[in-house]
1. Residue check, Ser110 against (1) in contact (Cβ under 8 Å) with a residue 12 or more places away in the chain; (2) part of a loop (DSSP other than H, G, I, E, B); (3) more than 60 Å from the chain's Cα centre (by Cα), all met but one. Which one?
2. Looking only at the range 183-200, decide whether some residue is at pLDDT 90 or above and surrounded by 11 or more Cβ atoms within 10 Å (Cβ to Cβ).
3. All but one of (1) closer than 15 Å to Arg79 by Cα; (2) open to solvent by less than 30 Å² (accessible area, probe 1.4 Å) hold for Phe150; state the number of the condition that does not hold.
4. Where the second residue is assigned to a loop (DSSP other than H, G, I, E, B) and not aliphatic (A, V, I, L, M) and the first is touching a residue at least 60 places away in the same chain (Cβ under 8 Å) and within 14 Å of Ser132 (Cα to Cα) and lies in the range 73-102, which pairs have Cβ atoms under 7 Å and are six or more apart or on separate chains?
5. In contact with a helix residue (DSSP H, G or I) (Cβ under 9 Å, 6 or more places away or on another chain) and open to solvent by less than 30 Å² (accessible area, probe 1.4 Å), is that true of Ala116?
6. Within the bounds of the range 6-14, is there any residue that is open to solvent by 90 Å² or more (accessible area, probe 1.4 Å), modelled with pLDDT under 90, out of contact with any strand residue (DSSP E or B) (no Cβ under 8 Å at 6 or more places or on another chain) and not in a loop (DSSP other than H, G, I, E, B)?
Amino acid sequence: MTQQHPHPTPSRPGQPGQMTAVMRAVAPVTGPKVLRIGLVQGGKVIEERVIKQRTHVTIGPSEKSMFVIPSKNIPPNFRVFELVGGEYFLNFLDGMTGRVAFKGGVSELSALKSSAKRVAVGNVQAYQVQLSEEARGKLVVGETTFLFQFVAPPPVQPKPQLPVSVRSGIANDIDWTTTIIAAFSFLFHFGAVGSIYSDWMDPVVDDEIDVAQLLESVKQLPPPPVEQPKEDVEAPAATAAPAAEAPKAAGGGNKGAAAASPGKGSGGMSDARASALTNELAQLDMQMLGALNSSGNATASVLSSGDVPTGLLENAAASGAGVGKGGVAGLNMGGAGGGTVRPGAAGGGGLATIGNTGTSGPATAGSAQTVKGPVGNAQVGGAAVSGGSVSNAPSVVAGMTAGFRRCYNKGLQEDPSMKGSVRITAKIGPNGEVLSATPSGGSGLSGTVVSCVVARVQSAQFAPPEGGGATVVIPVTFVSQ
């Protein structure tokens, strides 16, 4: 079996090869040098940092400092290396020691104080010495030592790139020409369908124009046809007939008038005759009432059972003839002697007083009297408190008396003779609330009264007891008054 060796892929023109990229990455970078600072504590280097960007280097106990050191002899954010005009300067205080190696030799910080520039840093005075890119040295601040030197800035790391096999994905496999054509086709077709179902192509509706067109169409309607009256041929004959009958009516008018007027002619009746007949009919009605004597039906049964129409009595009362006073067929008409009975007339008594409105005042059926039931009273004894002190126990128990009395009065409505006593044991919670209420005794009282009393005790609110809880015993005695 022959093993095939992969051939190296030649680089395309205009693009650097792999070796060229590596050489560019390791090529020295020109430009101003940057600070390299090492932090030494207890003889060990605990931190090393290259300040890639030329900026101020601060130290101090503040968290905002670039190097945080636990020292109270320096300001919170002290610029030990200060960048002024593109050049670095070393700032140090009186309590700091160390040495700096310049191009011309090594100098102690104590020796540099005479030639250093004095600057104000906050509330303290500091010494400032300019540093060149060849300078290096150490600075001791308390128990911390700073070693510094200027180095070339580190090369810029190239951006990491994925292999070609990983970078190729779905986007590389898409035919973008076909995809763009299909997208525009979908947009065109869906836009056409949307325009069909939209109303932006509909004509503008103007109500004033529509009303004007309606009025013009109404004006153009043809006028309705005029109906011609039909000629009535029979009208002269119908008109002649009433004219012929008119003389006959005029000639017989005297006879009709004579027949219509009572008392004139043989067939009429005079007013006196009509009045006499009315009186006779009224007398017949009175005689019919008079037939109801002791041997016939009783008057009470007649009036109650309706054997005789009561309208006769009304007619008799309204009649001018009426009936005489005294006993008529067993009826007490009131008074003795004769005369006409007038309903509603005062005096006489009997039936003569029917409808009498001459009384001095309205009739009354008597005065109503309300009968009250028994009234009970609730006597509350002294409350016994145990298990803890409750400051307002007597006042709260005294305030329950009215509620106990209402419970007892409701029970008296069911049993007026009920009386007795009951003891309620209430357990008070830490906040003064009633946790439970247990009745004991209750002899002679109904369950309704006892339940009502227990409910009243459970709804009470005491002051918070000392010790977190207490027990209150409430004796109640019920006596009817």
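1. (2)
2. no
3. Every listed condition holds for Phe150 apart from (1).
4. Phe81/His56
5. Yes; evaluated as a whole, the condition is true for this residue.
6. no
Let's see how each residue does on (1) closer than 19 Å to Thr145 by Cα; (2) open to solvent by 30 Å² or more (accessible area, probe 1.4 Å):
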| residue | (1), (2) |
| --- | --- |
| Arg36 | yes, yes |
| Ile46 | yes, yes |
| Thr55 | no, yes |
| Lys64 | no, yes |
| Phe67 | yes, no |
| Asn91 | yes, no |
| Lys103 | no, yes |
| Val121 | no, yes |
| Val129 | yes, no |
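Rundown of residues vs (1) exposed (fewer than 15 other Cβ atoms within 10 Å of the Cβ); (2) more than 40 Å from the chain's Cα centre (by Cα); (3) of a type in the set (Lys, Arg), yes/no style:
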residue	(1), (2), (3)
Gly387	no, yes, no
Ser421	no, yes, no
Lys427	no, no, yes
Gly432	no, no, no
Ser436	yes, no, no
Gly442	no, yes, no
Pro475	no, yes, no
Phe478	no, yes, no
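The values are calculated or read from the model by the stated rules, or taken from the named source; none is laboratory data. Remember, predicted model here, so these are calculated numbers, not experimental data. Note that each Cβ is placed from the backbone with ideal geometry, even for glycine, and that neighbours are counted across all protein chains shown. Calculation scope for accessible area: heavy atoms of the full protein, side chains included, ligands and nucleic acids excluded. Shrake-Rupley method; radii C 1.70, N 1.55, O 1.52, S 1.80 Å.
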